[in-house]
Amino acid sequence: MKRIFFTLTLLFAASFAYAQTSPEAYLAQLPATPKSACILTAAEKASYIELVRGLQDKMVKDVLRRQEESQAYVDANRDTIPAGRSQQPGSAEKITGKSGRTLKEERKAVSEQMQIEQKALVGKIDARKNGIISRFKTLNQNASAMKAKEIDPLERQMASLGGLITSKEQSDRLDQMAIKLRNAQKRYCDTYSPQYRALLDEYLSAIKDSLPDYRRLEVIVAKTQMGLDQSIDAHTGQLGIEALRDYTAMLAKVFKYDLPYEY
């Protein structure tokens, strides 16, 4: 009993902290995507990446703590009979509800309905994100093709001449190639960084639109897996935070088309 009381006390004490680390709280801390990823200094990029990764690390730790608290709740209440299941063994098969069905049949019908709703919610969330993720893949493929065609050959040529400069003509040629390389890198960044930024903004909008669906999924999990009417504090908002955590991993790569990429 003391163990259960201690566990529930910790959960109560953590409830305020969870309110401060809701998906909406993390949204307010997210930095805007850079208006241009091709003109910032190395120091400016490093500062931005540090901010994003610091927020990502907070979310990773938050999700882990929530998972531990949820498991602690399950462990502390493992022997507790969920609401609505206090009848004697076998009574659920005999007692009928307003619908004329037994309680067992009614619970099964509710469970099946929730499974249908859960599947529909997951489908809505995936529909918002999958198309954007597909366009991220296409963007990366197009960028790789341009790099292979316009940038990699120049880098190889410069590397081959790097240790063989014996005349002013060769030095001038190397300088000209360096200018071509910088121009090619600028075209590469100017072409693909704005597209990546636009997709990031679109992906974040999809997450925002999905937050109510994530919360409803959490309620369904609480009902079907824990026998509760609402999700516990530790679990409330967790799915939205996990989605934002994944978004920050993508946001941390916002400078990847600004070559040379060092982050």
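The values are calculated or read from the model by the stated rules, or taken from the named source; none is laboratory data. Owing to the predicted nature of the structure, the values given are computational and were not obtained by experimental measurement. Backbone-built Cβ (ideal geometry, glycine too); neighbour counts: all protein chains shown. For the accessible areas, the whole protein counts, side chains as well, though only heavy atoms, and no ligand, DNA or RNA atoms are used. Shrake-Rupley method; radii C 1.70, N 1.55, O 1.52, S 1.80 Å.
How many nm is it between the label spots at Arg107 and Ala145, if each spot is 7 Å from the Cα in line with the beta carbon?
The two pseudo-label positions are separated by 5.7 nm.
Multiply the residue gap between Asp209 and Leu30 by 0.36 nm, knock off their C-alpha separation, and tell me the result in nm, one decimal place.
Values: separation 179, 0.36 × 179 = 64.44 nm, distance 1.63 nm.
Result for the pair: 62.8 nm of gain on full extension.
Between Asp75 and Lys119, what is the FRET efficiency for a Förster distance of 30 Å, r being their Cβ-Cβ separation, to the nearest 0.05? Spell out each step's value before the answer.
Values: r = 29 Å, r/R0 = 0.96.
Taking R0 as 30 Å, the efficiency between Asp75 and Lys119 is 0.55.
Near Lys58, which aspartates and glutamates are there with a Cα under 15 Å away, not counting those fewer than 8 places off in the same chain?
Glu24, Glu50, Glu242, Asp246
Tell me which lysines have Cα within less than 18 Å of Lys104's Cα, excluding those fewer than 8 residues away on the same chain?
Straight-line reach from Lys104, under 18 Å: Lys94, Lys223.
Please arrange Arg101, Arg66 by accessible surface area, largest first, computed with a 1.4 Å probe and ligands excluded. Could the numbers behind the result be given before it?
Values: Arg101 105, Arg66 0 Å².
Result, largest first: Arg101, Arg66.
Given the Cα-Cα distance of Arg187 and Glu202 and 0.36 nm per residue of separation, how much length would full extension add, in nm?
Details: separation 15, 0.36 × 15 = 5.40 nm, distance 2.34 nm.
The span from Arg187 to Glu202 would gain 3.1 nm if fully extended.
Full extension from Met158 to Asn130: what is 0.36 nm times the residue separation minus their Cα-Cα distance, to one decimal in nm?
Gain on stretching Met158 to Asn130: 6.0 nm.
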